[in-house]
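Asker: Starting off with a structure, shown below.
The values are calculated or read from the model by the stated rules, or taken from the named source; none is laboratory data. Not measured: the values here are computed from a predicted model. Note that we place each Cβ from the backbone using ideal geometry, even for glycine, and neighbour counts take in every protein chain shown. Note: areas computed on protein heavy atoms with side chains; ligands, DNA, RNA excluded. Shrake-Rupley method; radii C 1.70, N 1.55, O 1.52, S 1.80 Å.
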Amino acid sequence: MKYPSFNVKEFLVPEFTLDSGKMIRFWVQIVPEKENQTDGYWGVKKIFEIIENYNSQNLGVKIHLCPSKLKMSLFDFIKPIKVGEYLEKVFGLKSSKIKNDLNSFNIKPEYTLRKMGFAHQKLFSIICGIERNDIIAFDFYGFAPDTEIKLIKYIHTKLDEGKSLLAFDNLGYKEENFDTLNIENLIIKRI
């Protein structure tokens, strides 16, 4: 999938090609929209809206957007579901492999989904999204450095399986030497 460069307000998203087994990691300059605002993550939200618009055009290829946490039904609040139960219900036999992967992030099968903290819910959403879809978009915001390292290690195994990922991170946290194995690092900055 090849995308031309485009603008999101005063930010330039560079041209990129998303190939099977590759990840595009966008390092986004986080700038508040107005002087008195502190939330500078609006740019990524706008890009996610563009992806949703692309998905709604029924072009055949869909990019799964990983939410910060999985959507719960009303029934899940009445009878809370545990991680292991959810995995068995959604993934069947494949669930034991996913349980092992989640264990490395300290997400246990006996944890109740809705009672997990923000980072665990977000990781769970990303991992389930990667397991269920071929093309995935998510952000790294809110993860501790050691969690991010583990997530990148997991992502490499999925890239080797042919998954394609779009990921967003804060340009302020970009390291001098960053991972380039099957990962293309692009910068999104204010023009």
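Asker: Collect the residues in the stretch 75-95 that are surrounded by 15 or more Cβ atoms within 10 Å (Cβ to Cβ) and in a helix (DSSP H, G or I), keeping them in residue-number order.
Answerer: The answer is 76, 83, 84, 85, 86, 87, 88, 91, 95.
Asker: From the list 51, 98, 107, 47, exactly one residue is in a helix (DSSP H, G or I), open to solvent by less than 70 Å² (accessible area, probe 1.4 Å) and at pLDDT 90 or above. Which is it?
Answerer: It is 98.
Asker: Just checking, how many residues over the stretch 117-148 are hydrophobic (A, V, I, L, M, F, W, C) and open to solvent by 10 Å² or more (accessible area, probe 1.4 Å)?
Answerer: Selection size over the stretch 117-148: 5.
Asker: Then there is this: Hey, among 153, 163, which residue is surrounded by fewer than 15 Cβ atoms within 10 Å (Cβ to Cβ) and among the charged types (D, E, K, R)?
Answerer: Just a single option satisfies the conditions, and that option is 153.
Asker: Do we have any residue at all in the stretch 168-185 that's basic (Lys, Arg) and either farther than 23 Å from residue 22 by Cβ or part of a loop (DSSP other than H, G, I, E, B) (or both)?
Answerer: Yes, the conditions are met somewhere in the stretch 168-185.
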